[in-house]
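We did not get these values from a lab; they are worked out from the coordinates using the rules stated. This is a predicted model, so every value here is computed, not measured. Backbone-built Cβ (ideal geometry, glycine too); neighbour counts: all protein chains shown.
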Amino acid sequence: MENDREPRIYLLPNLMTAGNLCCGFFAVLTIFKGMQMPEFGDAKHYYETSLLLIFGACLFDLLDGRLARLGGQESDFGREFDSLADLVSFGMAPALLCSKAVLLNLELPEGLQRAESGVGWAIAFIYLLCGAIRLARFNCLAILGSEEDFKTFRGIPIPMAAGFIASLTFLIIFFHDNDRELGAWNWVMAGAMLGLSFLMISDIRYPSFKKVGWSTRGSVPILAVGTILVGATIVFFQVLPAVWFSAYLIYGLIRPALSAKRRQAVEQALDSEEALESEEEQDRRTDDSL
């Protein structure tokens with residue numbers, strides 16, 4: 001009877017979550033190495049490496065959920081483990097990176113110059129705090145298991161928020177060799193982090209795309225377009241990730257203004273395929289009964 005109370009731990013999904021946590025851990029270590037460099041130019045390589053590790057964590061986070069749903073291996077343990085890993089990879093790592101890479105030299109009014117060094121840390125902590133609240137709320141809603149929360153996320157997911165921050169930071173670092181040259185980008189990143197903090201704890205709905213899985217079928221044109229987009233992202237990896245994450249962020253903001261038909265076209269493009277499969281299954285059952 002003692003073993004019946006042990007949590008269910010499925011190997012493959014949780015290995016992906018462990019990979020997520022590993023990427024987040026090494027991202028934080030790499031950022032600390034960059035912080036020890038005397039000049040931004042010397043630290044640039046470390047910051048870029050940490051950003052790639054955050055993107056790697058995003059990939060592992062995508063895989064763990066897909067594997068769990070594919071094998072019917074979703075569990076309370078997996079959900080909690082995933083949230084803890086997300087807080088490190090998508091909360092702590094981006095917050096630490098931004099506070100040192102692009103928020104360190106915010107040019108405040110003269111009367112607030114003494115507080116300048118702490119402003120970046122404060123903004124980063126607000127982002128981390130809202131990310132933790134977002135994950136805690138997600139776990140509570142997951143227990144209720146409503147259909148709406150399966151189709152959409154309440155508030156922007158923290159991996160998407162981290163992806164946006166990381167991709168924008170990567171773009172800024174790519175075009176600058178010195179943190180003193182960032183200028184207005186300091187304030188853009190500060191505003192972006194505060195805005196994402198609000199979006200994570202807001203009630204704005206973002207599509208989850210959980211229906212897209214390993215068994216999802218597509219057409220030849222969709223495959224061709226997807227291949228071109230993946231190839232372009234690999235070639236222009238400094239720019240296009242920021243475009244994709246920005247598109248997702250903006251879509252959530254304009255989603256309430258779209259008609260139900262347009263939303264369905266974007267978010268439920270697979271419904272026709274699923275309906276076709278259901279009809280085929282129903283026809284087979286009818287044939288068997290005859």
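Of all trypsin sites (Lys or Arg not before Pro) in region 1-88, which ones are in loop regions per DSSP and have a Cβ with at most 11 other Cβ atoms within 10 Å?
Values: sites: ARG5, ARG8, LYS33, LYS44, ARG66, ARG69, ARG79; in loops: ARG8.
Here the trypsin sites (Lys or Arg not before Pro) that fit, given the DSSP loop and packing criteria, are ARG8.
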*asked:* Once you place label points 7 Å from the Cα toward the Cβ at GLN36 and ILE126, how far apart are they in nm?
replied: 3.2
*So how do SER89, SER259, SER75 line up by other beta-carbon neighbours within 10 Å, fewest first?*
SER259, SER75, SER89
*Please give, to one decimal in nm, the separation of the simple spin-label points placed at LEU62 and LYS261, each 7 Å out from Cα toward the Cβ.*
3.2
*Order by neighbour count: LYS151, LYS261, fewest other Cβ atoms within 10 Å first, most last.*
LYS261, LYS151
